[in-house]
Every structure is written in structure tokens, then in C-alpha cells.
1. What is the number of the single condition among (1) in a strand (DSSP E or B); (2) over 28 Å from residue B:88 (Cβ atoms) that residue A:66 does not meet?
2. As an exercise: evaluate residue A:13 against (1) closer than 28 Å to residue B:40 by Cα; (2) within 13 Å of chain B (Cβ to nearest Cβ) and give the number of the one condition it does not meet.
3. Could you please give the count of residues in segment A:30-55 that are surrounded by fewer than 20 Cβ atoms within 10 Å (Cβ to Cβ) and either at the interface with chain B (Cβ under 7 Å from one of its Cβ atoms) or outside any strand (DSSP E or B) (or both)?
4. I'd like to check which strands (runs of 3 or more DSSP E) are fully inside segment B:42-93 and have at least 2 residues that are under 14 Å from the mean Cα position of the chain (by Cα) and farther than 16 Å from residue B:20 by Cα.
5. Go through segment B:94-104 and report how many residues are outside any strand (DSSP E or B), surrounded by 18 or more Cβ atoms within 10 Å (Cβ to Cβ) and facing chain A (nearest Cβ under 7 Å).
6. Taking the residues in segment A:56-71 that are crowded, with 17+ Cβ neighbours inside 10 Å and under 12 Å from residue A:24 (Cα atoms) as candidates, determine which candidate is farthest from the chain's Cα centre (by Cα).
7. Based on this model, can you work out whether residue B:78 counts as crowded, with 16+ Cβ neighbours inside 10 Å and either on the phi < 0 side of the Ramachandran plot or more than 10 Å from chain A (Cβ to nearest Cβ) (or both)?
8. Could we say that residue A:4 is closer than 24 Å to residue B:87 by Cβ, over 10 Å from the mean Cα position of the chain (by Cα) and buried (at least 18 other Cβ atoms within 10 Å of the Cβ) here?
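The values are calculated or read from the model by the stated rules, or taken from the named source; none is laboratory data. Just so it is clear, the model here is predicted, and its values are computed rather than measured. As a convention, Cβ positions derive from the backbone with ideal geometry for all residues, glycine included, and neighbour counts pool all protein chains shown.
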């Protein structure tokens, strides 16, 4: 399935590096999301964009910086990360109806390791 | 109390068995719930939505008990391909605000 794609699939970076994660959706959706999934923890919503506007920021540290240039693309810019930021970063998209029936479709994720 | 709590398992069952998972939630105002399935090292995928008292889709039945604040997922006639982690999810009330449980791992053995 190629509805939501993410690149890279794996990333290893040092604490002083700057890198970006990319997400693209081909479903005609208007809302996009970043989630973090750490070992032994539930998925945590990080950011929500609806029609390119950020509508949710769940107290995420500023070393994570999202960018949504259009409804199909979402980036997560990373800088000066910590080892505890190592996790699976998942992107999702949905129609953006703002209701419970707005099903989210996930990308395959980027597995990030911070050394 | 955590917003969404699940027994992490693992549940090890033979093929053909019936297995049930429970998920408890806080905040009785919550209206909508979901079960997602996540295979090892893959992304979560929606399995079922639960908006009223329950939902049935083939071998899968989801039930919602608002009085006791829990949701259940019943899988009948388990298949090897049902082996995965099942995530209980609550709709948090604002755009895209899904609150996930840690998941329950199911392993179906031949």
C-alpha cells in the first residue's frame, strides 16, 4: 500500500546533527499528523495539521520542528536530539473532518536512533 | 488512572480458539473508540470502530460498556495471521486527537 509514504525508513544520527523526516500522502486528505512510538509506551500524538495549519502541538520540545507546505506533504525537522528521542516516528493522514469518524491512515514510519 | 489501559499480554492461543481482550478508559464523556492492529515493525491499521454499543465484522466483535468504561474485542476462530498487537484507541474530542493504549500482543500458534 502506498497511500502514506515516509522517508527515510531508518535514520541514525548524532546529537549534534540536523535531519528531516518526510511524509507524503496520496489519498487527497486535508489533515496530517506526527506520532512518536517508543518502546513500551503508547503512540503519542505530537503535531496535527489541518488544511496546512497547525492545530495541535502536544507540548513537544522545540528540537522537533514540523513543517506542512501543503496538504500532501509533512516534514519533521530534527536538531540537537537526545538519545531518549530514539523511537519510531509515524505519520498519518485523514480527511480532516474534525470528528471521531475521521479515520487516520498511517505511513510505515521512520525508525530513528540517536547516538 | 491512565486514559486507556490494556493488558499487554502476550496472549498465546491455538489456531481456532476464541480470544477476548479488554480495554478500560477514563473520562466517561468519551464517545468513540477504535481497535487498531499493528504487526511487528509495521504501522497501525484500523480494525474496527466502536461508536455505540458494539460492532461486528466477520470473526471480530467489538463491544462498548459505558457504565463500566471498557471496550472489548472478541476474535473467533483465530488464524495464524491474527498474530499482532491490538491497540485500543479513544477519540480525544478534538481534531485528530486519538489516545492510544500500549497494546495487547496476540500470538496464534499452529
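1. (2)
2. Just one mismatch for residue A:13, condition (2).
3. 8
4. Because the criterion is at least 2 residues that are under 14 Å from the mean Cα position of the chain (by Cα) and farther than 16 Å from residue B:20 by Cα, the strands (runs of 3 or more DSSP E) in segment B:42-93 that meet it are B:44-50, B:84-91.
5. Looking only at that region, the number is 4.
6. A:71
7. So residue B:78 fits the description; yes.
8. Criteria met by residue A:4.
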